[in-house]
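Single-structure report; data block below.
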Amino acid sequence: MSFVIAVSPAINWLRQGRYNLLAELRTEGASAARVEAELAKSDTTRRLLRRGATFGEYTAAMGGRTDGMTAARWRFVSANHTADATGDLEALRGTPVLLALAGHDTNVDTAETERVYGEVLGSDTLTVAHYPDAAHSLVKESLERSEPKLVLTALLAPRHLFAEGFLADQRRFLAAPDRARP
């Protein structure tokens, strides 16, 4: 039997990027002026991507400041910035899907993801699980914020890394009669 366990998936590259930018700025407590400046920079990047600009053009448009963008990363972003999973979800119709969503996800707009998965897949085969105390990776958000705690937990109690119920929900999903092994 086929099945999918989708953990914090994004739907649309550009919308996810904008969501992530705003979420990070909110978390940092950025001023309105900084938010405006970052959005303007993001909009410039989007315009460059739309017209197929080279890395050199990107670097020039950013005034020489690439903020970690490399030529290889620019090629990757250029190739993928129009990615949208909505059409690909059609292929999952009729396949059991467990959609795991984090409550502290600054990378992915989980409300959009849940809405689109629900619209495309319907409720017959879609199971949505929410983990309010989890970060994007479904690791407990409190651990993700502390590198020492994260490392110690990973070494000494790895099953305690994940949000409450995440591993048990996967076991239950996999044990369902329609996913039983022949």
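The values are calculated or read from the model by the stated rules, or taken from the named source; none is laboratory data. Model, not experiment: these values are computed from the prediction. Virtual Cβ from ideal backbone geometry, glycine too; neighbours counted across all protein chains shown.
I need the full set of residues from the range 101-138 which are closer than 17 Å to VAL4 by Cβ and among the aliphatic types (A, V, I, L, M), in order please. Listed by number, the residues that qualify are LEU101, VAL108, VAL116, VAL120, LEU121, LEU126, VAL128, ALA129, LEU138.
Any residue in the range 116-124 that is at negative phi, of a type in the set (Val, Ile, Thr) and not assigned by TED's automatic domain parsing to the domain that holds LEU25? Yes, that holds for at least one residue.
Filter the range 128-167 down to the residues that are under 16 Å from LEU101 (Cβ atoms) and more than 18 Å from the chain's Cα centre (by Cα) and list them by number.
Result: GLU164, GLY165, LEU167.
Results for (1) of a type in the set (Asp, Glu); (2) in contact with a Leu (Cβ under 8 Å, 6 or more places away or on another chain); (3) part of a helix (DSSP H, G or I), shown as yes or no for each residue.
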site	(1), (2), (3)
ILE5	no, yes, no
PRO9	no, yes, no
ARG15	no, no, yes
ASN20	no, no, yes
ARG26	no, no, yes
ALA30	no, no, no
GLU38	yes, yes, yes
ALA53	no, no, no
LEU89	no, yes, yes
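How many residues does the range 70-123 hold that are touching a residue at least 24 places away in the same chain (Cβ under 8 Å) and charged (D, E, K, R)? Total meeting the criteria: 6. Taking the range 146-171 as the range and being of a type in the set (D, E, K, R) and in a helix (DSSP H, G or I) as the test, the residues that pass are GLU147, LYS149, ARG159, ASP169, ARG171. Checking each residue in the range 40-51 for being touching a helix residue (DSSP H, G or I) at 6+ places or on another chain (Cβ under 7 Å) and either outside any helix (DSSP H, G or I) or of a type in the set (A, V, I, L, M, F, W, C) (or both) picks out LEU48, LEU49. When LEU174, LEU143 are screened for being in contact with a helix residue (DSSP H, G or I) (Cβ under 9 Å, 6 or more places away or on another chain), surrounded by 13 or more Cβ atoms within 10 Å (Cβ to Cβ) and either at pLDDT 95 or above or in a helix (DSSP H, G or I) (or both), only LEU143 passes.
Among the numbered conditions (1) of a type in the set (S, T, N, Q); (2) in a loop (DSSP other than H, G, I, E, B); (3) within 18 Å of TYR19 (Cβ to Cβ), the only one that THR113 does not meet is (2). The selection criterion, being at pLDDT 95 or above, of a type in the set (Lys, Arg) and out of contact with any Gly (no Cβ under 6 Å at 6 or more places or on another chain), holds for ARG34.
Per-residue answers, yes or no, for (1) more than 26 Å from VAL139 (Cβ to Cβ); (2) of a type in the set (A, V, I, L, M):
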position: ILE5; (1), (2): no, yes
position: TRP13; (1), (2): no, no
position: ARG26; (1), (2): no, no
position: LEU48; (1), (2): yes, yes
position: ARG65; (1), (2): yes, no
position: ARG73; (1), (2): no, no
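Inside the range 125-140, residues that are crowded, with 18+ Cβ neighbours inside 10 Å, on the phi < 0 side of the Ramachandran plot and outside any strand (DSSP E or B) make up a count of 1.
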